[in-house]
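Below: the structure, in structure tokens.
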Amino acid sequence: MSSHIPLPKEKHSQTKLFVTLSSLQSKKKEAQRCIETHPFNYRCTVISRTPDLRQAAQRHIGPYYRIKLKPADLISIDFIRGYVQTSTIVALSIDERIDTGDVLAIDGQGVLVLSLCKDTYEVLGLVGESAKFPLQNDARHIVRIDLKADTMDASKKYYQRIKTRFEAALDREMEFIVGRYDKDTGKSLNLDLPGATV
């Protein structure tokens with residue numbers, strides 16, 4: 001059983017909240033699908049009858065690492081080959097707000113998703129689409145870069161263009177939370193990057 005219950009919309013708020021009721025054992029996997037399609041979320045509230053859910057979740061999910069990186073580090077060939085192609089990486093920048101700043105995420109499928117304010121988007125110069133939120137037209141833009149694509153190779157013009165644009169428009173350190181998992185088993189893996197802390 002699953003249902004979305006929209007909460008009343010307040011005039012002063014443009015945010016959206018959906019409450020989803022479902023079982024984690026559901027064959028439709030609604031909870032998993034919801035999490036995977038929202039790469040900019042890093043908090044989730046779970047209500048369960050199991051008293052030791054937190055410990056079980058910690059064992060299953062494993063640690064998240066905090067690390068300061070430049071966005072160009074996420075598209076470096078070493079990062080792509082060493083982490084994105086060999087494991088499942090989930091990452092989210094946490095030092096700016098999604099509605100007012102530039103936020104980056106890696107969605108677990110190898111796609112780098114950038115949610116950018118208009119100014120950064122225009123300076124970056126990569127193709128994206130207008131964000132559906134906020135409701136003001138062209139206030140935010142979403143750029144998606146498939147890090148597993150064949151074009152993400154140092155010898156390709158596409159890669160060189162992205163690298164150059166990142167170095168020009170996103171040349172600042174950002175704080176990220178990062179999880180690394182085995183592709184097949186989902187088991188948590190260590191993140192061996194300088195400065196990474198649990």
| request: Identify, by number, the condition in (1) under 13 Å from the mean Cα position of the chain (by Cα); (2) modelled with pLDDT of 95 or more; (3) farther than 13 Å from Ala91 by Cβ that Lys163 doesn't meet. | output: (1)
| task | State yes or no: is Arg144 among the basic types (Lys, Arg), open to solvent by 30 Å² or more (accessible area, probe 1.4 Å), within 30 Å of Pro63 (Cβ to Cβ) and touching an Asp or Glu at 6+ places or on another chain (Cβ under 9 Å)? | result | yes
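Going by what's in this entry, would Ala149 be described as over 16 Å from Leu104 (Cα atoms), of a type in the set (A, V, I, L, M) and surrounded by 12 or more Cβ atoms within 10 Å (Cβ to Cβ)? Don't jump to the end; show me each part of the working.
Numbers: over 16 Å from Leu104 (Cα atoms): yes; of a type in the set (A, V, I, L, M): yes; surrounded by 12 or more Cβ atoms within 10 Å (Cβ to Cβ): yes.
Answer is yes for this residue.
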| query | Looking only at residues in region 152-198 that are of a type in the set (Ser, Thr, Tyr) and over 18 Å from Asp107 (Cβ atoms), which one is least open to solvent (accessible area, probe 1.4 Å)? | reply | Tyr159
| Condition test on Ile80, is it outside any loop (DSSP other than H, G, I, E, B), open to solvent by less than 20 Å² (accessible area, probe 1.4 Å) and in contact with a helix residue (DSSP H, G or I) (Cβ under 7 Å, 6 or more places away or on another chain)? | no
| Scope region 90-139; condition more than 30 Å from Asp182 (Cα to Cα), touching a residue at least 40 places away in the same chain (Cβ under 8 Å) and open to solvent by 70 Å² or more (accessible area, probe 1.4 Å); matching residues | Val123, Phe133, Leu135
| Search result, residues across region 64-84 that are closer than 20 Å to Gly186 by Cα and among the acidic types (Asp, Glu) | none
| query | Counting just the residues of region 149-198 that are touching a residue at least 12 places away in the same chain (Cβ under 8 Å) and of a type in the set (S, T, N, Q), which one comes out farthest from Leu69 (Cα to Cα)? | reply | Ser188
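The values are calculated or read from the model by the stated rules, or taken from the named source; none is laboratory data. What you are looking at is a predicted structure, and each value in this text was computed from that prediction instead of being measured. Positions of Cβ are backbone-derived with ideal geometry, glycine not excepted, and every protein chain shown enters the neighbour counts. The area values use the complete protein model at the heavy-atom level, side chains included, leaving out ligands, DNA and RNA. Shrake-Rupley method; radii C 1.70, N 1.55, O 1.52, S 1.80 Å.
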